[in-house]
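The values are calculated or read from the model by the stated rules, or taken from the named source; none is laboratory data. Just so it is clear, the model here is predicted, and its values are computed rather than measured. Because the Cβ atoms are built from the backbone with ideal geometry, glycine has one as well, and the counts that use them run over all protein chains shown.
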Amino acid sequence: MGIGEDGVDGLGLAAREAIAKAEVVFGGRRHLALAAPLVRGSRRPWPSPFDGAIDAVLAERGRPVCVLASGDPFHHGIGPLLVQRLAPSEWLAFPAPSSFSLAAARLGWSLPDTALVSVHGRALERLRPHLFDAARVLALTSDDTAPRRIAELLASSGFGNSTLTLLESLGGARERIRSASAQGFALDGVDPLHVLAIEVRAGPDARVLPRAAGLADELFEHDGQLTKREIRALALSSLAPRRGELLWDVGAGAGSIGIEWMLADPSLRAIAIEAQPERAARVRRNAERLGVPELRVVEGRAPDALADLPCPTAIFVGGGAGDPGVLERAIDALPRRGRLVVHAVTLETEAIVLARQAALGGELVRLEVSRAGPLGSLHAWRPALPVTQWCWRKP
């Protein structure tokens, strides 16, 4: 049951009847208070922490139960968590307008043309991939400090001229809408129940992340152990990310492959495996700065560090392919139709890759890139080390 800040006044007749007939009503204390005029059954506030709340609802199976939620229960709400454990005949849904819908209605924004981002209980850096000039973003946040921290994030990244609009307690008697620039943000007394709208304005030095694979090398902090831009773009093309997939980035270095894999779609996940602690820490920093703080980093040397990891859909081996057991473990870990991409730079690693390709098949590609650079008063091509790429799909 979705309920807004207007309480029972915003509910239709069928929704009102469902609440009144419920023998048990679950919800947050705010939701229970909003629905109080209609509740006749016992009230069950959500436990804190929330773990076990779904089990508490399911324990009442067989009785008429109502679960209250903010707005649309299926938009960043509890709905999917419940229905995945119920038969279709066991539930009905009565959604109310989501906070995003209410915000768009107040601002006159087209929802399909607006980035909808939840940073509720999540890192604010998730906003970074959506920051480009003239973009519109609606952000669902966690607390009253989030708007100020988002303003600081924007200002420090070259988006200080962006306009932030704070939409508080939408649909209720306490509704309030205020705006400020990111660099001059000074709004106080923020209601924790709010949506933050961002009209992005990029300054000349803004860190804008392109949509295409192959981000500029300078966007990554690294010690030289970095899959360079052109080679990285070809590697990601070969890895061919698809919605919902998991990548192992073995020998992650600066983490660029796993980071760009996750930037390709919000549903994608990646695990970066790196043996050196200082590089592992660098991967975490890069992931946070580039907007994918959920990138998982495993410190350890393959193949031992690969034990007990979730089954991947694709694996990239950019470092350590010549170490004993690494390719064997990667091949074993892949499911049917899983994809493996290996890069070899040294002759010794290339020999191992060539032997594997001869035994298992797959595609071999030689990647060579040259960049123009000064040679005295003139310029000449300076070739980078060639890379041998082996792409293989598990039958």
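Structure data summary
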{"item": "Selection count, the range 154-180, where residues are hydroxyl-bearing (Ser, Thr, Tyr) and touching a helix residue (DSSP H, G or I) at 6+ places or on another chain (Cβ under 8 Å)", "result": "3"}
{"item": "Some residue of the range 338-347 being surrounded by 11 or more Cβ atoms within 10 Å (Cβ to Cβ) and of a type in the set (D, E, K, R)", "result": "yes"}
{"item": "Count - residues of the range 334-353 that are assigned to a helix (DSSP H, G or I) and among the polar types (S, T, N, Q)", "result": "1"}
{"item": "Options Val292, Val297, Val283, Val387: the member that is farther than 30 Å from Val119 by Cβ, modelled with pLDDT of 95 or more and of a type outside the set (S, T, N, Q)", "result": "Val387"}
{"item": "Residue ranges of strands (runs of 3 or more DSSP E) in the range 1-94 with at least 2 members more than 30 Å from Val117 (Cβ to Cβ)", "result": "24-27, 42-45"}
{"item": "Extreme residue, nearest to Gly71 (Cα to Cα), among residues of the range 110-135 that are in a helix (DSSP H, G or I), of a type outside the set (D, E, K, R) and in contact with a strand residue (DSSP E or B) (Cβ under 9 Å, 6 or more places away or on another chain)", "result": "Leu111"}
{"item": "Close pairs from the range 7-26: first over 24 Å from Glu175 (Cα atoms) and in the same structural domain as Arg44 (by TED's automatic domain parsing), partner part of a loop (DSSP other than H, G, I, E, B) and acidic (Asp, Glu), Cβ under 9 Å, at least 6 apart", "result": "Glu23/Glu60; Val24/Glu60; Phe26/Glu60"}
{"item": "Residue that is modelled with pLDDT of 95 or more, in contact with a strand residue (DSSP E or B) (Cβ under 8 Å, 6 or more places away or on another chain) and not aromatic (Phe, Trp, Tyr), where the choices are Leu138, Leu193", "result": "Leu138"}
{"item": "Hits in the range 68-84 - residues which are in contact with a helix residue (DSSP H, G or I) (Cβ under 6 Å, 6 or more places away or on another chain) and either buried (at least 22 other Cβ atoms within 10 Å of the Cβ) or modelled with pLDDT of 95 or more (or both)", "result": "Leu68, Gly71, Pro73"}
{"item": "Condition broken by Gly224, with the remaining ones in (1) of a type in the set (Gly, Ala, Ser); (2) over 30 Å from Gly255 (Cα atoms); (3) assigned by TED's automatic domain parsing to the domain that holds Gly319 satisfied", "result": "(2)"}
{"item": "Top-ranked residue in the range 354-395 [being part of a strand (DSSP E or B) and charged (D, E, K, R); ranked as farthest from Leu239 (Cα to Cα)]", "result": "Arg382"}
{"item": "Among (1) crowded, with 23+ Cβ neighbours inside 10 Å; (2) at pLDDT 95 or above - the single one Glu199 does not satisfy", "result": "(1)"}
{"item": "Residue ID - surrounded by the fewest Cβ atoms within 10 Å (Cβ to Cβ), chosen from residues in the range 95-117 that are over 20 Å from Ser179 (Cα atoms) and of a type outside the set (Asp, Glu)", "result": "Pro112"}
{"item": "Elements of type helices (runs of 4 or more DSSP H) contained in the range 245-333, each with 2 or more residues being assigned by TED's automatic domain parsing to the domain that holds Ile352 and touching an Asp or Glu at 6+ places or on another chain (Cβ under 7 Å)", "result": "256-263, 277-289"}
{"item": "Cβ-Cβ under 6 Å pairs, at least 6 apart or on other chains, the range 136-156 side in a loop (DSSP other than H, G, I, E, B), far side aliphatic (A, V, I, L, M) and crowded, with 22+ Cβ neighbours inside 10 Å", "result": "Thr141/Leu196"}
{"item": "Selection within the range 133-151 - surrounded by 18 or more Cβ atoms within 10 Å (Cβ to Cβ), out of contact with any helix residue (DSSP H, G or I) (no Cβ under 9 Å at 6 or more places or on another chain) and within 22 Å of Ala264 (Cβ to Cβ)", "result": "Ala135"}
{"item": "Condition met for Ala182 (buried (at least 19 other Cβ atoms within 10 Å of the Cβ) and touching a strand residue (DSSP E or B) at 6+ places or on another chain (Cβ under 9 Å))", "result": "yes"}
